[in-house]
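We did not get these values from a lab; they are worked out from the coordinates using the rules stated. Predicted, not measured: the structure shown is a model, and the values here were computed from it. Cβ sites come from the backbone with ideal geometry, for glycine too, and all protein chains shown count toward neighbours.
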Amino acid sequence: MGYEGLPSELVTGNDEIDDQHQKLLETVESILSELDTGENYEEVKRLLDFLVAYIDEHFEEEESVMLKNRYPEFAQHKSEHDLFKMRIRTLHMSRQVTNHNHDILVLTVKEAKRWIIQHVMKSDIKLARYLKGIK
Ligand SMILES: [Fe+2]
Ligand SMILES: [Fe+2]
């Protein structure tokens, strides 16, 4: 099952992690295109709920892989996850999804997209490289 859609600079080489990243980014894109049409805020809400839950799930998965494999940079990597989780949760709880804060939503989702991309390129690729090395 494919991460064909992941740009090459985001491919970690760990299939499971790559599939999850693809799903994260696809969800972010769906939210942005829903916001673009601006017609269905219920759908935006649904996607946002899914994104927040899926981020938790994905981070937990990575963290358990790190622990299992005694990843030396676990603490640093986890603190990046925790910080982002806090930010996205605050957004999720504090802002109602309506047409009144459309622009803020777009900006915030774009910022989340940027964070995910940066984190994958900097930290997740490093982790995947380590995992490959110890196998
Ligand atoms: Fe990560
Ligand atoms: Fe990740």
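Details
- Helix 125-134 axis versus longest C-alpha principal axis of the chain: approximately 30°, rounded to the nearest ten.
- Counting all C-alpha pairs of the chain, share separated by more than 24 Å (%): 31
- Cα-based helix-to-principal-axis angle, 102-119 vs the chain, degrees rounded to 10: 10
- What the phi angles of region 9-26 give under the Karplus curve with 6.51, -1.76 and 1.60, with θ = phi - 60°, is a coupling list of 6, 9, 7, 8, x, 9, 4, 5, 5, 4, 4, 5, 4, 4, 5, 4, 5, 4 Hz, glycine and proline written as x.
- Computed over the chain, the per-residue total of -39500 (n - 2.57) for DSSP H runs of n ≥ 4 gives a 222 nm mean residue ellipticity of -25500 deg cm²/dmol, rounded to 500.
- Rounded if a/c under 1.5, otherwise prolate or oblate - region 1-65, Cα gyration tensor axes: oblate
- Remark on N69: its backbone amide H falls under 5 Å from none of the residues 5 or more positions apart or on other chains, H modelled at 1.01 Å from N.
- Cβ-based exposure ranking for Y130, Y41, in which fewest neighbours within 10 Å come first: Y130, Y41
- Taken one residue at a time, the phi angles of region 42-51 give Karplus couplings (6.51, -1.76, 1.60, θ = phi - 60°) of 5, 5, 4, 4, 4, 5, 5, 4, 4, 4 Hz. Gly and Pro are set to x.
- Helix 74-94 axis versus longest C-alpha principal axis of the chain: approximately 10°, rounded to the nearest ten.
- For region 48-101, average projected area of the Cα convex hull in nm²: 3.9
- Backbone HN-Hα couplings from phi across region 32-38 [Karplus 6.51/-1.76/1.60, Hz, Gly and Pro as x]: 5, 6, 4, 5, 5, 6, x
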